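What follows is a set of notes on a single structure, which appears directly below.
The values are calculated or read from the model by the stated rules, or taken from the named source; none is laboratory data. As the structure is a computational prediction, the values presented were derived from the model and not from experiment. All Cβ positions, glycine included, derive from the backbone under ideal geometry; neighbour counts span all protein chains shown. We work out accessible area using only protein heavy atoms, side chains counted, and drop any ligands, DNA or RNA first. Shrake-Rupley method; radii C 1.70, N 1.55, O 1.52, S 1.80 Å.
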Amino acid sequence: MEVLRDSLGVPHVWAGSLADAVFAQGYLHATDRLWQLEMFRRVAQGRLSELFGEETLDADRFLRTLGLARAGQETAVSTGTRALAEAYARGVNAAVDEWRGLLPPEFVLVRATFEPWALEHSLAVEKTMAWDLSQYGISMSLASARAAAGDEAVLELLPSYPDWGVTILQDGPGVPGALASTGASRSGPPAAPSANDASITEPDASIADRPASRNPLPPTVSADLVASARMPAAARTALEAASIVRASNSWVVGGSRTRSGRPLVANDMHLGLDHPNIWYLIGLHAPGLDVVGQSLPGAPGVIAGHTAGVAWGFTNAMVDDSDFFIERVDPADTTRYLTPEGSEPFGVREEAIRVRGRDQPVRLLVRETRHGPVMTAVDPVPGGELLSFRWGAHDPSTTFDGILAMNLANSASELIAALGHFTSPYQNVVFADTAGDFGYQLAGAVPLRRSGRPPLLPVPGWTGEHDWVGTLPYERNPRLLNPTSGFIATANNRQSRDSLSLLISPDRWEDPYRAQRITELIEARGDHDAESMRTIQLDVQSGFIARYRGRASAAFRRVGLDSLAGALDAWDGRATVESTEATLFHAWAEALRTGMRARFHMATGGSGYFPQYMVGRGLDAGGAGVDALAGQAALEAAGASGRPWGQVHLLRISHPFQEVPLIGGLLGFGRRDLPRAGDDYTVDAAPFEGNLPLFEVTAGPSQRSIVDLGDLGRGGVFILPGGQSGRPANRHSWDQLERWQRGELWRLPLDRSEVEARTISRLRLLPG
């Protein structure tokens, strides 16, 4: 085996077999990202407190109850995939066995060693990623809001997809499994109030139903620690969480719209931005294997990228994979609960959590029902309802089979077949091949409910009417091939407007601003190339600003701030780092959200779940009350006048030891106060939390990539917001960050000669 590294430390592996290639990949992941592997494993197993003590005990209780490691142990993989995953584990352990000197500084600081890596740890990494992309968070937030504010009030908080929003299947026929096509042009969001889509038809009642979701860890958990462990919204309750950290963009442009006559594929996956980055760039080359792209430390293969024949990219499909069931305890026996067949005993498992500083482990009893674990013991809701959690990723998965089959695919048809094994997490996949075919496929085993549709809120568990009854056959998942429009764009938006989409989600899709803007920019020209794709990725024209800027300027004018109103009217709506208007607008919008939240939750103290889309919904509804709140928000925001967006809208890349006095700064853990353009709704997404004096950004494009199917030998271009190494002092720890900030990309060739020309170091790994 030979490993060639370029000047950014990106390795290309040449091996004599698939097993040797993934062995080398495990070796490289351990060499560059050993602490990340350790954290992935400990999060999945709920073993953080062994290192961090009491601070993470509540997190471990939550994670043990959730059972990521148990779900990973039950994952189904083929014999061939199992052998490759075991070869990967041997590579990880070989790197540790050969380690000279101290382990990375995090191990030294917490006095930890690295236990041998095993197949089960890689399988659990998949479950951890599925959790990061799950719909738990919104559902639990809605459940808590309902318990606190009542059924009637919470109905106003339910998400809805606007009727003007573009769909992935382009409002075509949307026949399940059909190769639908359409070329209709779309305009941007109208200024008129949006409404629920009246064209939606009810799904086949013989199929199924589901509830809501939130993604918290208990509020005592350190945000930096949990961020490094890839857990969302960790340091705050889900009732307070507002930022989008699981959004993404991907699109494919067919040859009819490109300068070369060959397709282009672009992708930027939006996740929490931590150090080290979740992705690791790599090239893997062996007989039958020729692939480059983003890999996930802890797992073999390339997750997203391209082979010699086909390229693909991902966005979260927003499939409603998380149902909460209200369980009714048997009044005659509290160790039992009610089911349609009568009373059944709770399943009970005991977890022993070792805590640094304690002599004895903490005992945790986890109750389970036929639906899944009872989560409210570790994540309670007001009123004390007993909620069990039914989650798609608790079921056995064949995703590892799917990933490795994707890495071996060389055509669109082979990729579609491989995606049939990709069961979780649920992804929108765009793709194109060298023959010129391009398309879209929803990957994942979509749950089916007996009631026919996923419910938004927790549902009775004792009736059986909402029970899961299987999964949608893969052939019925939404698919689109070679549409006459010449492109397909996804940005976590709705797949289609037919009844099939209601089996996927009860309106959990993201607002369509990003998808709409991508569509507009693609349709604006017919000679796209890699540079025009990059321009789209870096676009900071906000659809939310465009829709509500007039309402903002009217609010400033009503309270006598005419000069500020005029500045907003004259503004082009771009959230650049230089823009003072972006600061003014968002200071107003956030102050307005605070006022609306206080009024909405007046009966319960003025705080509670109130997502950002509620601001738009309130402004669309209008009325004297909203005008008064908007005027008050303008007065509060006036102090932001003259401050550039890049001065207050600042990126923090987190590391668990970033805040440790002296050591954090000395060793260079994390980065903070980096000026960031964009907002929640720009293509170059930069969702933020808080209000002046700081709009803090902790999420965004975790990678960017563009692949020209007419030039695969020279390879696609990629970038990470950090670097290849997880060791802070290593020169490859941060050497991609400035390029990422400037929107630059880095080539990962396929051809050996191209790789050789960029090589600055070599490593040989000898069998045995």
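Here Leu34 passes the criteria (1) out of contact with any strand residue (DSSP E or B) (no Cβ under 9 Å at 6 or more places or on another chain); (2) closer than 30 Å to Phe389 by Cα except the one numbered (2).
Of the residues Val302, Val366, Val378, Val374, only one is in contact with a helix residue (DSSP H, G or I) (Cβ under 6 Å, 6 or more places away or on another chain), farther than 30 Å from Glu86 by Cα and open to solvent by less than 10 Å² (accessible area, probe 1.4 Å); which?
Numbers: Val302 fails: farther than 30 Å from Glu86 by Cα; Val378 fails: open to solvent by less than 10 Å² (accessible area, probe 1.4 Å); Val374 fails: in contact with a helix residue (DSSP H, G or I) (Cβ under 6 Å, 6 or more places away or on another chain).
Going through Val302, Val366, Val378, Val374 in turn, just one is in contact with a helix residue (DSSP H, G or I) (Cβ under 6 Å, 6 or more places away or on another chain), farther than 30 Å from Glu86 by Cα and open to solvent by less than 10 Å² (accessible area, probe 1.4 Å): Val366.
Residues that are touching a strand residue (DSSP E or B) at 6+ places or on another chain (Cβ under 8 Å), closer than 30 Å to Phe52 by Cα and β-branched (Val, Ile, Thr) within region 356-415 comprise Val362, Val366, Val374, Thr376, Val381, listed in sequence order. Listed conditions (1) within 29 Å of Gly710 (Cβ to Cβ); (2) part of a helix (DSSP H, G or I) are all met by Leu480, apart from (2).
Scanning region 117-155 for residues that are in contact (Cβ under 8 Å) with a residue 24 or more places away in the chain and not in a helix (DSSP H, G or I) gives Trp117, Ala118, Leu133, Ser134, Gln135. For first residues located in region 745-764 and more than 19 Å from Gln25 (Cβ to Cβ), partners that are among the basic types (Lys, Arg) and lie 6+ apart or on another chain with Cβ distances below 6 Å form the pairs Glu754/Arg714. For region 665-672, state whether one or more residues are open to solvent by 10 Å² or more (accessible area, probe 1.4 Å), closer than 27 Å to Pro512 by Cβ and of a type in the set (Gly, Ala, Ser). Looking through region 665-672, none of the residues is open to solvent by 10 Å² or more (accessible area, probe 1.4 Å), closer than 27 Å to Pro512 by Cβ and of a type in the set (Gly, Ala, Ser). Exactly one residue out of Val292, Val245 is modelled with pLDDT of 95 or more and either more than 19 Å from the chain's Cα centre (by Cα) or open to solvent by 20 Å² or more (accessible area, probe 1.4 Å) (or both): that is Val292.
Listed by position, the strands (runs of 3 or more DSSP E) contained in region 650-706 that have at least 1 residues being within 17 Å of the chain's Cα centre (by Cα) and either free of Cβ contacts under 8 Å to residues at least 40 places away in the same chain or under 29 Å from Ala591 (Cβ atoms) (or both) are 695-697, 699-701. Exactly one residue out of Ala112, Ala153 is small (Gly, Ala, Ser) and modelled with pLDDT of 90 or more, and it is Ala112.
State which residue is most open to solvent (accessible area, probe 1.4 Å) when the search covers only region 102-114 and only residues that are in contact (Cβ under 8 Å) with a residue 12 or more places away in the chain and of a type outside the set (A, V, I, L, M, F, W, C).
My answer is Pro105.
Selection of region 449-476 for residues being more than 15 Å from Pro506 (Cα to Cα), open to solvent by 30 Å² or more (accessible area, probe 1.4 Å) and hydrophobic (A, V, I, L, M, F, W, C) yields Trp462, Trp468, Val469.
Report, by residue number, each residue of region 506-539 that is in a loop (DSSP other than H, G, I, E, B), under 29 Å from Gly631 (Cα atoms) and open to solvent by 10 Å² or more (accessible area, probe 1.4 Å). It would help to see each step written out before you state the result.
First pass over region 506-539, keeping only residues in a loop (DSSP other than H, G, I, E, B): 506-512, 524-527, 529, 538-539.
Filter once more, keeping what is under 29 Å from Gly631 (Cα atoms): 510-512.
Matches in region 506-539: Glu510, Asp511.
Scanning region 739-764 for residues that are in a helix (DSSP H, G or I) and either open to solvent by less than 60 Å² (accessible area, probe 1.4 Å) or not small (Gly, Ala, Ser) (or both) yields Arg739, Trp740, Gln741, Arg742, Arg752, Glu754, Val755, Glu756, Arg758.
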